[in-house]
Structures are given as C-alpha cells and as structure tokens.
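Engineer: This is the structure, below, for whatever I ask next.
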Amino acid sequence: MEGFLPWQWCVFWYLVMVPFIIYGVYLLNKQVKEHRETLSLLAVSGAFIFLLSSLKMPSPVVGSCSHPTGTGLSVVLFGPIITAVLSVIVLIFQALFMAHGGITTLGANDFSMGIAGPLLGYAVYRLGKAVNLNIFVNIFLVTAVADLFTYVITAIELAAAFPATHGSFMISFETFFAIYAVTQVPLAILEGVLIALVFKYIIQSRADILVKLGVLTQEQVTKIMGSFS
Amino acid sequence: MNFKVFAKYRLEILFAVVVIVFAAVFLIQNANIQANAKPGQETWQGSDDMGSAAIEATGYTPWIQPLWTPPSTEVESLLFSIQSGLGAFVIGYFFGFYRGKRDSAKAA
C-alpha cells in the first residue's frame with residue numbers, strides 16, 4: 001500500500017528493481033524484433049497477469065481474500081526477467097487507478113511479484129525440465145510456486161521493514177506470513193491448475209512458437225497432441 | 001462406454017474438480033465463519049488490508065497518501081472489473097485469432 005513502507009525501504013527496493021526492468025525492457029525489445037511471431041503470446045501472457053491479478057478471491061483456509069499473480073505462463077514462455085516488466089505494468093495500473101499497491105512501494109511489490117516469485121518459479125521450471133517432468137505438472141508447479149513465493153517475499157519485505165514492533169524479525173515475519181502466505185495456498189493451487197489447462201490450448205493453437213521458444217520439442221508436441229485426441 | 005473423451009478432456013475435468021472442491025470448502029468455511037462472527041464483524045477481508053492494519057497497529061503512519069483513491073468499494077470493483085475485462089479481451093482475441101487461422105488453413 002502507498003506509504004506503507006518507510007522511505008528508505010522504498011528507495012532500497014527501487015534500486016533492486018531498476019536493473020531487472022532495464023534488462024527486461026532490453027530483452028523484450030530483442031524478443032519482439034527477432035521473433036515477431038512471439039508477440040501474440042507475449043500479449044496473452046501479459047493479459048493473464050492482468051486478468052488474474054485483478055481477481056480478489058476468497059481463500060477458504062483462513063477466511064480472507066487475496067489476489068492470484070498470474071505470472072506462471074509468462075515465466076515459462078519468456079522467463080523471469082521479461083515477467084518483471086509485464087508485472088510492473090500491471091502494478092502501475094493498479095497503483096494509479098485503484099490505489100492498490102502504490103508508486104512508492106512499486107519496487108517492493110515488483111520485487112515480490114515480478115522478480116523473486118518468477119525467479120523461483122523459473123528455477124522450478126528448469127529443474128522439472130532437467131528431470132523430464134510432465135510438462136503440465138511442471139507448469140502447475142511453476143505457477144503455484146511463483147504465486148506462493150510472491151507472498152512469502154511480501155512477508156519478508158514487511159518483516160524486514162517492521163521488525164522492532166514485535167521485538168524481532170522472525171516474530172514479525174510469522175505475523176505477516178500468516179496474513180499473506182497462508183491465505184495464498186489454495187489460490188496458488190487453483191491458479192496452477194488453470195494455467196496448466198491454458199497451456200494445453202496454447203499447444204493446440206501455437207505449438208510452433210513453443211518449439212521456437214524452446215519450451216517443447218517437436219516430438220513432445222506430437223506426443224502431447226496425440227494424447228489429447 | 002467410451003472413455004476416450006475422459007482422456008481427451010482430462011485437464012478440463014481436473015480443473016472442474018478443483019473448482020468444485022474449492023467452492024465446497026469455501027461454503028463450509030463460510031458457514032462456520034458466519035456462525036461465529038460477532039454482529040457487524042467484517043468477514044473475508046483482503047489480506048492486504050489485514051497486512052496494512054497489522055502495520056498500523058505497530059503505531060506506524062503511512063508517510064504519503066495515494067494521489068487518487070476510488071471513492072467507494074463499488075467504484076473500486078468497477079475498476080477491477082475493467083482490468084479483468086481488458087485481460088480477458090486480449091486472451092479471447094488471440095485464441096480466436098489462432099483458431100480462425102487454423103480453420104482457414106484446414107479449409108484451404
């Protein structure tokens with residue numbers, strides 16, 4: 001929320017975010033210039049972040065509401081750095097028009113939603129690929145992890161900024177963890193299954209781009225298509 | 001019985017099952033919460049509002065206010081709906097476009 005981080009922390013998280021955004025914009029330009037045909041999937045990935053992060057969903061475990069992040073698809077298709085740029089666009093939109101998030105806290109919010117969550121999701125993705133995990137299971141895990149970890153990082157950011165309150169970082173972290181991360185578990189699962197399903201439609205529509213992006217090989221595409229006919 | 005259709009739509013079925021379980025747990029949990037809620041107590045709050053409240057409880061006051069805040073929760077829902085709509089529009093547009101391309105390639 002606007003003004004909810006002491007200004008030193010706002011500056012700190014901006015400094016962390018800016019290099020990712022600069023590099024992300026560079027990668028984004030390169031991607032669009034060199035592989036124009038991937039532009040439509042880039043738009044779809046961004047649109048999923050837009051759509052899912054606008055939903056306030058009840059979380060049945062604790063009885064509060066929270067937003068999914070929708071970053072999973074973009075992480076798998078375009079990697080975490082480009083995801084940081086797509087996320088920051090959504091975060092600016094929500095900060096300006098809904099007073100949701102904030103311009104001062106943009107660095108912290110993009111670090112959790114657009115950078116840290118996606119980076120861990122991407123690590124899961126690479127690991128899944130290395131052990132030849134089923135692509136749909138992999139996408140489920142990537143999406144759920146990117147979503148959940150976003151809120152774990154939010155809890156860490158807040159605990160770091162407000163430790164003295166309860167005496168120590170850990171106690172404060174537990175408070176924020178209970179508020180943010182626990183709420184997120186059912187949403188992360190639901191989002192993971194949704195993106196895995198969406199991925200099926202992307203394979204059926206534009207398998208050619210997935211092969212070009214290196215997400216799947218032609219043999220894998222043929223095999224998956226066969227399993228759904 | 002033809003089981004092939006289950007294999008073909010296994011992800012759709014899985015998604016439907018997860019949604020139903022999610023909704024069922026929500027309904028049960030909601031019944032519990034409503035039964036135990038004190039009159040006037042707000043339920044199903046946003047975790048972000050709870051987070052802000054936890055911060056304010058420490059005696060911290062935000063040092064800056066948003067330039068613009070939606071005047072009511074109704075207006076705020078409208079703006080969030082516009083955001084969802086924009087996202088859904090782009091997704092639907094491109095999936096429709098892919099579908100049309102595929103169909104016309106088949107027809108040719």
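Engineer: Counting only other chains, and only Cβ atoms inside 10 Å, what mean value do you get across the residues of A:222-228?
Structural biologist: If you average over the peptide's residues, the count of other-chain Cβ atoms is 1.
Engineer: Let me ask you something else. Shielding of B:36-43 by partners, i.e. mean partner chain Cβ atoms within 10 Å per residue?
Structural biologist: Taking all residues of B:36-43 together, the mean is 1.
Engineer: With a 10 Å Cβ neighbour count serving as the proxy for reagent exposure, in which order, fewest first, do A:213, A:39 appear?
Structural biologist: Fewest to most other Cβ atoms nearby, the residues stand as A:39, A:213.
Engineer: Same structure, new question: As a check on your grasp of the helix formula, calculate [θ] at 222 nm for chain B: sum -39500 (n - 2.57) over DSSP H runs of n ≥ 4, divide by the residue count, round to the nearest 500.
Structural biologist: So the calculated ellipticity at 222 nm is -25000 deg cm²/dmol.
Engineer: Would you tell me the mean number of C-beta atoms belonging to other protein chains that fall within 10 Å of each C-beta in A:187-193, as a whole number?
Structural biologist: Across the residues of A:187-193, the mean count of other-chain Cβ atoms within 10 Å is 3.
Engineer: Which far-off residues, 5 or more places away or on another chain, put their amide H under 5 Å from the one on residue A:65, with H placed in the peptide plane?
Structural biologist: Here the answer is A:59, B:45, B:46, B:47, since their amide H atoms fall under 5 Å of that of residue A:65.
Engineer: For residue B:89 and residue A:170, what is the calculated FRET efficiency with R₀ set at 51 Å and r taken between the beta-carbons, to the nearest 0.05?
Structural biologist: Efficiency computed from Cβ-Cβ geometry: 0.70.
Engineer: Go through A:30/A:56; A:129/B:106; B:4/B:106 and tell me which ones have a Cα-Cα distance over 30 Å in this structure.
Structural biologist: Too far apart for the 30 Å limit: A:30/A:56; A:129/B:106.
Engineer: Per residue of the stretch A:108-121, what does 6.51 cos²θ - 1.76 cosθ + 1.60 with θ = phi - 60° give for ³J(HN,Hα)? Whole Hz please, x for Gly and Pro, Karplus curve as stated.
Structural biologist: For the stretch A:108-121, the Karplus-derived couplings read 5, 5, 6, 4, 6, 7, x, 10, 5, x, x, 4, 5, x Hz, x marking Gly and Pro.
Engineer: Further question on the same structure: Which Cα, out of A:177, B:36, B:91, lies furthest along the positive dipole direction of the protein assembly as shown (beta carbon charges, K/R +1, D/E -1)?
Structural biologist: B:91
Engineer: In degrees, nearest 10, range 0 to 90: what is the angle between the Cα axis of helix B:47-57 and the longest Cα principal axis of chain B?
Structural biologist: 20 degrees
Engineer: Could you give the angle, 0 to 90 degrees to the nearest 10, between helix A:169-212's Cα long axis and the longest principal axis of the Cα atoms of chain A?
Structural biologist: Tilt of helix A:169-212: around 20 degrees.
Engineer: Specify which residue in the list A:48, A:211, A:134 is farthest towards the positive end of the charge dipole of chain A, using unit charges on the beta carbon of Lys, Arg (+1) and Asp, Glu (-1), about the Cα centre.
Structural biologist: A:211
Engineer: Treating the angle as unsigned and between 0 and 90°, give the value, to the nearest 10°, between the Cα long axis of helix A:218-227 and the longest Cα principal axis of chain A.
Structural biologist: 90 degrees
Engineer: Using only the alpha carbons of chain A, determine the length spanned along each of the three principal axes and report them from longest to shortest in whole angstroms.
Structural biologist: 58, 39, 32
Engineer: What percent of all Cα-Cα pairs in chain B falls into each 10 Å bin, going from 0 up to the bin containing the maximum distance?
Structural biologist: Using 10 Å bins, I get a P(r) of 10, 17, 30, 22, 14, 7, 2 for chain B.
Engineer: Pull up the cross-link candidates among the aspartates and glutamates for residue A:212, meaning alpha carbon to alpha carbon under 19 Å and not fewer than 8 places away within one chain.
Structural biologist: Cα-Cα hits under 19 Å: A:34, A:37.
Throughout, read-outs are computed from the coordinates displayed, never taken from laboratory work. All of these numbers come straight from a predicted model, not from anything done at the bench. All Cβ positions, even for glycine, are placed from backbone atoms using ideal geometry, and neighbour counts span all protein chains on display.
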